[in-house]
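Chemist: Got a structure here, written out as structure tokens. Questions coming.
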Amino acid sequence: MSNLINLPTQNAIKRAENADPNHGRCLIENCSRVGAIVMTYMFNRDLAIGNSHLIDSLEWSWRMRRGTLNLDTRRNIFFCASMHALFRERKWCLIPREEDVFHFYDEERVFIRKRNRFVDSEGDIFTYTLLPLQDMEDLYITRQSGRDDDKTVSIHDFPFEDLPVIRSHLHPKFVILHLGATISRFCGDAWGGLLDRFPYLWNVHQLFLAWTGGIPLGAFNDPTYVFPRSTMNDPVNSAVTPPDLDDNGDRTPLHRNIPISEDERYRPASSATSSASSSPSSSSATSEEMEVDDEEATDEQPPQRASLVEPANSSVLCVRGSQTDDWIRPLTSLVLTRRRQGHEDLRPVRWTADRVAGWAKRCRSPTPPPSPTKAPLRRSTRIKKKPKEFLR
């Protein structure tokens, strides 16, 4: 798999440097570019590059076309020096502002915006706060001033509360993904301590779960997610197909790091046939209708905090191949395969009184096993000797 992963190009790094308000300096220490600066991904693409289900889920949640999410975007790349290794080991992370987190919620800050109501964050620069997580009590951070001609260096001790706010071009979506995957490892007192300091981390965790939870049933019938197969190889409608742009240095190519095939950009053949044969009124519900119904159903059930703590070993990899349906019920590999082939009639069937009665009639009580029989007694062939007479 590693030989199929496209390495980040120099154009991708250049785009990140141009968008960075620090002009390629270290995000934390603000040291010069001539130092040991390392290009770093905020959301580690190696955890998702081979997991098409995760990328599908992100593209669906972020209202993108299937196959257009490129993790080499400049909004997912920053530059770091000596803090790079600690970041990769999840010793520290960045926390977005509270308003940047609740931007992805509704106006009441209760429910997460779903695909049909998703609005991306606008702006080129966002501010973040450094949060130490573990094994940083004995460390200190040196930070240079913002000008090359000023060699002033400030020293910041744990817990680095006096460290200035961090201005960056990093998009809050990728920061939330990395932060949500990181705090999913915490439980008990550690998780409670984080919530005491930053209560809205609970909402960050909810966003992570929602964005990586898989695509809903009927997603491949949504024309805003995948194109109808009728437009494939159609010169009239070829303009609507998003081409894989060349990495020309000005724009991030609209394809995945491992691009999907041209055939996968379109609706599965069996799904297109079934939807074409049925009338619009009797066809399966569109994704927007499904989402509205789901949201109305959940309005009466506000989220509960008790079910948020995941096992300590959970991470981004926990969503590998774990798409869910409308009832958040895990699907088997066979169902996932058939769904990708276009079989959209795989909604779990609910039990009714007639189905229970029919099932009961077809059931037969198991035949009890035969009781074990005792083996016949065999007559002994030994001759019984007479007891010896004792001498009187």
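Chemist: Is it the case that the range 49-67 has a residue that's surrounded by fewer than 17 Cβ atoms within 10 Å (Cβ to Cβ), of a type in the set (Val, Ile, Thr), under 23 Å from the mean Cα position of the chain (by Cα) and over 30 Å from Ser154 (Cβ atoms)?
Modeler: No - not one qualifying residue is present in the range 49-67.
Chemist: Test Arg74 against the stated conditions and say whether it is open to solvent by 10 Å² or more (accessible area, probe 1.4 Å), farther than 19 Å from Leu194 by Cα and of a type outside the set (Gly, Ala, Ser).
Modeler: Judged against the criteria, Arg74 is a match.
Chemist: Continuing with the same structure: Within the range 257-266, can one find any residue that is small (Gly, Ala, Ser) and modelled with pLDDT under 85?
Modeler: Within the range 257-266 (the criterion being small (Gly, Ala, Ser) and modelled with pLDDT under 85), the answer is yes, since at least one residue qualifies.
Chemist: Does the range 103-112 contain any residue that is more than 22 Å from the chain's Cα centre (by Cα) and either on the phi > 0 side of the Ramachandran plot or in a loop (DSSP other than H, G, I, E, B) (or both)?
Modeler: The answer is yes, given that some residue of the range 103-112 is more than 22 Å from the chain's Cα centre (by Cα) and either on the phi > 0 side of the Ramachandran plot or in a loop (DSSP other than H, G, I, E, B) (or both).
Chemist: Is there a residue in the range 210-218 that is in a helix (DSSP H, G or I), under 16 Å from the mean Cα position of the chain (by Cα), modelled with pLDDT under 95 and surrounded by 22 or more Cβ atoms within 10 Å (Cβ to Cβ)?
Modeler: no
Chemist: Only residues that are open to solvent by less than 20 Å² (accessible area, probe 1.4 Å) and assigned to a helix (DSSP H, G or I): list them for the range 77-100, please.
Modeler: Phe87, Asp100
Chemist: Kindly evaluate Val38 against the criterion of being free of Cβ contacts under 8 Å to residues at least 40 places away in the same chain and surrounded by fewer than 21 Cβ atoms within 10 Å (Cβ to Cβ).
Modeler: no
Chemist: On the basis of being touching a strand residue (DSSP E or B) at 6+ places or on another chain (Cβ under 9 Å), modelled with pLDDT of 80 or more and in a loop (DSSP other than H, G, I, E, B), does Pro223 make the cut?
Modeler: no
Chemist: Among the numbered conditions (1) over 20 Å from Arg167 (Cα atoms); (2) surrounded by fewer than 12 Cβ atoms within 10 Å (Cβ to Cβ); (3) of a type in the set (A, V, I, L, M), tell me where Ile125 comes up short.
Modeler: Looking at each condition in turn, Ile125 falls short on (1).
Chemist: While we're looking at this one, here's another question. Without any contact (Cβ under 8 Å) to a residue 24 or more places away in the chain and farther than 30 Å from Arg117 by Cβ - does that describe any residue in the range 75-87?
Modeler: So far as the range 75-87 goes, yes, one or more of its residues are without any contact (Cβ under 8 Å) to a residue 24 or more places away in the chain and farther than 30 Å from Arg117 by Cβ.
Chemist: Just a yes or no: is a residue in the range 113-123 assigned to a loop (DSSP other than H, G, I, E, B) and in contact with a His (Cβ under 6 Å, 6 or more places away or on another chain)?
Modeler: Residues of the range 113-123 assigned to a loop (DSSP other than H, G, I, E, B): 113-114, 118-123.
In the following step, the residues that additionally are in contact with a His (Cβ under 6 Å, 6 or more places away or on another chain) were identified as 121.
Yes, because at least one residue in the range 113-123 is assigned to a loop (DSSP other than H, G, I, E, B) and in contact with a His (Cβ under 6 Å, 6 or more places away or on another chain).
The values are calculated or read from the model by the stated rules, or taken from the named source; none is laboratory data. Quick caveat: nothing in here was measured; it's all calculated off a predicted structure. Every residue, glycine as well, gets a Cβ built from its backbone with ideal geometry; the counts of neighbours run over all protein chains shown. These area figures cover heavy atoms from the full protein model, side chains too; ligands, DNA and RNA do not enter into them. Shrake-Rupley method; radii C 1.70, N 1.55, O 1.52, S 1.80 Å.
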